[in-house]
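S.K.: Can you read through this structure? Questions will come right after.
The values are calculated or read from the model by the stated rules, or taken from the named source; none is laboratory data. Treat the numbers as computed from the prediction; the structure is a model and nothing was measured. Note: ideal-geometry Cβ built from the backbone for every residue, glycine included; neighbour counts use all protein chains shown.
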Amino acid sequence: MQAMRGVQGILGIPAPVNEPMFSLDERDRRWARLRALMREDGVELLIVLPAWVTSDSLYIADTVGLTIFPVDGEPILILGGEHSNYAVERPHWIDDRMSATPLGSTAPEFGLVAAEVLRRRGRVRRRTAIAGLRGDELSSVRQPEGYAAHTTVSRIAAAVGAEHIVDGTGILGSARYVKGAEEISRLAASVRVGEASLEAMAETAREGVVQAEVFGQMLLAQVRAGADVLHIAWAPGPWGEMRHRYVTTPPGVLERGTYVATELMPEIRGYQAQVAQPMVVGPPTARALEIFERNAEAFDVALEVMRPGKRWGDVFAAVESVAGTGDGHMLTLLHGRGLGNDGPLLIPNRDTSHVAELPITANTTFILKPFLEVPEAPVPSPRTHDVTWGDTVVVTDSGAERLGTRRRELLVVGDA
């Protein structure tokens, strides 16, 4: 989950980044889409909060701050954090900006300041949508109860009038779902960082090598490749046994017969693609190779079906057909990629029946990593037989396309 961090250092002065700010054309595209959705819902004012999830804030302002966004007129940006009093002088998408504290405190009271601004500017008694009051099918998908802080919302509601407050999560979700060319380029940059990290894994992982050393070299590769925020999920263990998924430094040594399922989501200016790569120390079992090939076949089938005019149920059926008869279930493991917490969220042990009839839309982006849930597993989806491979894909008119270029393989490494 994205938290209080990212491209803005400590919520004020922009940190050095390896990708430029998004263009004003991209800003105007996003704002036009947001305003069209606001008009559809009869919303006069949209408020986007910077805590505790920064995704919506980055989308609307290309920075971390509280944004007051009217359906007509100029938006207001309230920055907070260390040196935010100086950050207001830096270029931003929004010209009307201020600091939440005179001296740039790292403890800004966003709700208090926003309420004062709303009263002073006469933006009260209007139908006001606040993003993050609850989850949505397309954004904040891992926060079904929302992310907005109670005190912040209460202070804004007291200024606007509680009866005028509605949830704005769906507005941001619908706007963020369809990506612009610049967003897709950022996700492709994130994929390139992930692939560089996997190259480091292939070069350093061997029998007898400390897992933390491999993990550290992968993180270093992400730094060198230009990541703003680093990320590795690492799930090691023997074939057929339950595996723990580490997102911090893993313990132990790589042993012969260790399988590792990895998921990498390095961040480029807030954007997080994902790559998934399985690895084994020593020769893989015949069953592992069989499952890997089935997963790969399901990936290709899904790419073909993921096109406008199809529905998600068509993808589910095509992927499931790869499993064959009597050999478990092939699951369409897939979820949106972008600024984080993107949907739809198609993961194991979650009812996705309501998604089946939804249409597939062009210029949407996902991590796709179908996997076979085998009958010999002790419980559903325990990672006991995990050789899942996946890449971030973008839907085009002719089918989905990979953003990555690495070879699809079950990576086999040997002795140190």
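S.K.: For the range 161-191, give me each residue that is of a type in the set (Asp, Glu) and in contact with a Phe, Trp or Tyr (Cβ under 8 Å, 6 or more places away or on another chain).
M.R.: GLU182, GLU183, listed by residue number.
S.K.: Further question on the same structure: Can you name the number of the only condition in (1) within 18 Å of ARG186 (Cα to Cα); (2) free of Cβ contacts under 8 Å to residues at least 40 places away in the same chain that ARG337 fails?
M.R.: Of everything listed in (1) within 18 Å of ARG186 (Cα to Cα); (2) free of Cβ contacts under 8 Å to residues at least 40 places away in the same chain, ARG337 misses just condition (2).
S.K.: I've got another one for you. So, in the range 379-411, exactly how many residues are β-branched (Val, Ile, Thr) and either closer than 22 Å to ARG176 by Cα or outside the structural domain of TRP312 (by TED's automatic domain parsing) (or both)?
M.R.: 5
S.K.: Among the residues of the range 244-260, is any without any contact (Cβ under 8 Å) to a residue 40 or more places away in the chain, touching a Pro at 6+ places or on another chain (Cβ under 9 Å) and either in a helix (DSSP H, G or I) or of a type in the set (D, E, K, R) (or both)?
M.R.: Within the range 244-260 (the criterion being without any contact (Cβ under 8 Å) to a residue 40 or more places away in the chain, touching a Pro at 6+ places or on another chain (Cβ under 9 Å) and either in a helix (DSSP H, G or I) or of a type in the set (D, E, K, R) (or both)), the answer is no, since none of the residues qualifies.
S.K.: Tell me, please, whether a residue that is within 20 Å of PHE22 (Cβ to Cβ) and of a type in the set (Gly, Ala, Ser) can be found in the range 78-100.
M.R.: yes
S.K.: Related question: For the range 64-81, state whether one or more residues are of a type in the set (Ser, Thr, Tyr) and surrounded by fewer than 24 Cβ atoms within 10 Å (Cβ to Cβ).
M.R.: Within the range 64-81, not a single residue is of a type in the set (Ser, Thr, Tyr) and surrounded by fewer than 24 Cβ atoms within 10 Å (Cβ to Cβ).
S.K.: For the range 41-57, which positions are aliphatic (A, V, I, L, M) and either modelled with pLDDT under 95 or closer than 13 Å to PHE110 by Cα (or both)?
M.R.: Hits for the range 41-57 are ILE47, VAL48, LEU49, ALA51, VAL53.
S.K.: Only one of ARG186, ARG192, ARG142 is assigned by TED's automatic domain parsing to the domain that holds PHE69 and either buried (at least 17 other Cβ atoms within 10 Å of the Cβ) or in a loop (DSSP other than H, G, I, E, B) (or both). Can you tell me which?
M.R.: Unique residue meeting the criteria: ARG142.
Every residue, every condition in (1) outside any helix (DSSP H, G or I); (2) more than 22 Å from SER154 (Cβ to Cβ); (3) assigned by TED's automatic domain parsing to the domain that holds ALA148, yes or no:
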position	(1), (2), (3)
GLU82	yes, yes, yes
TYR86	no, yes, yes
SER105	yes, no, yes
GLY132	yes, no, yes
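S.K.: Within 26 Å of GLY146 (Cα to Cα), of a type in the set (A, V, I, L, M), touching a helix residue (DSSP H, G or I) at 6+ places or on another chain (Cβ under 7 Å) and assigned to a helix (DSSP H, G or I): which single residue out of LEU77, LEU34, LEU58 fits that description?
M.R.: None of the others qualify; the one that does is LEU34.
S.K.: Name the pairs whose Cβ atoms lie under 8 Å apart, with the first residue in the range 111-123 and under 14 Å from VAL48 (Cα atoms), the second of a type in the set (A, V, I, L, M) and in a loop (DSSP other than H, G, I, E, B), and 6 or more positions between them or separate chains?
M.R.: GLY111/ALA149; VAL113/ALA100; LEU118/VAL124
S.K.: So VAL166 passes all but one of these: (1) buried (at least 19 other Cβ atoms within 10 Å of the Cβ); (2) under 30 Å from PRO359 (Cα atoms); (3) of a type in the set (A, V, I, L, M, F, W, C). Which condition number does it fail?
M.R.: Every condition holds for VAL166 apart from (1).
S.K.: For residues that are among the hydrophobic types (A, V, I, L, M, F, W, C) and not in a helix (DSSP H, G or I), scanning just the range 145-183, find the one that is nearest to THR392 (Cα to Cα).
M.R.: It comes out as VAL178.
S.K.: ALA235 passes all but one of (1) buried (at least 19 other Cβ atoms within 10 Å of the Cβ); (2) more than 26 Å from TYR59 (Cα to Cα); (3) touching a helix residue (DSSP H, G or I) at 6+ places or on another chain (Cβ under 8 Å); (4) small (Gly, Ala, Ser); which number fails?
M.R.: Status for ALA235: all satisfied but (3).
S.K.: Take the range 206-227 and flag every residue that is farther than 15 Å from THR249 by Cβ and either among the polar types (S, T, N, Q) or out of contact with any Lys or Arg (no Cβ under 6 Å at 6 or more places or on another chain) (or both).
M.R.: ARG206, GLY208, ALA221, VAL223, ARG224, ALA225, GLY226, ALA227
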